[in-house]
1. Residue pairs, Cβ under 7 Å, 6 or more apart or interchain, first in the range 113-125 and closer than 17 Å to residue 51 by Cβ, second among the charged types (D, E, K, R). List them.
2. Is it the case, given these coordinates, that residue 33 is modelled with pLDDT under 85 and in a helix (DSSP H, G or I)?
Amino acid sequence: PLLLLGAAGVVWVIGAWNRVLRARERGHFAWSLIEVACEQRSLTVPQLQAVVGAALAHERSLLEAVAGARSVGRRPSVGGAQAVHTADAAAAQVIARVEALPSLNTQPNVAHLMQQLTVLNDRVAFGRRFYNDSCERLANRVTQFPDSFLARLARVQPLPLITDLDAPLNPPTAFPPPQA
């Protein structure tokens, strides 16, 4: 009976350890979804700019902000979260500006690129929600006993959240170094 109890304890510790690491990896996977969608969106914006050219020439700073999220980084970071936040706001403004110009909406190329941009914005929004949910789950694992003890042993830290577009970004005070 004592051996069985000891084996059950070891299995429980292994399971808790794996839950903590799985929560961290889920956060990194969610970040990769955002990274891919931002990359695709940043490649679509120059195409849109080329098609509508002069009509969006005065929107250059917005287009550059969207394209700036091209390299948010392989690992979640405060700077990457800020880049996604800024690019999301700029992309929303680009969509609103193009939709405000009815003459552009009738062109098939513009309509196709706007549809692509809208789909990619939806992917980024989904990725942001999935990432924030993953961050909350990881934060719960890291702060609740006994997982908090195992998280400290594995050097797992909470990941920074990407907040809503109309709220300021509140990064955590520290960010963990990338894990190998």
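1. Pairs found: 117/41; 120/41.
2. no
Quick grid of which residues meet (1) surrounded by fewer than 21 Cβ atoms within 10 Å (Cβ to Cβ); (2) modelled with pLDDT under 75:
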{"position": "43", "(1), (2)": "yes, no"}
{"position": "51", "(1), (2)": "yes, yes"}
{"position": "54", "(1), (2)": "yes, yes"}
{"position": "95", "(1), (2)": "yes, yes"}
{"position": "102", "(1), (2)": "yes, yes"}
{"position": "118", "(1), (2)": "yes, no"}
{"position": "125", "(1), (2)": "yes, no"}
{"position": "132", "(1), (2)": "yes, no"}
{"position": "135", "(1), (2)": "no, no"}
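The values are calculated or read from the model by the stated rules, or taken from the named source; none is laboratory data. Keep in mind the model is a prediction, meaning the values are calculated, not measured. For neighbour counting, all protein chains shown are included, and Cβ atoms are generated from backbone atoms with ideal geometry for every residue, glycine included.
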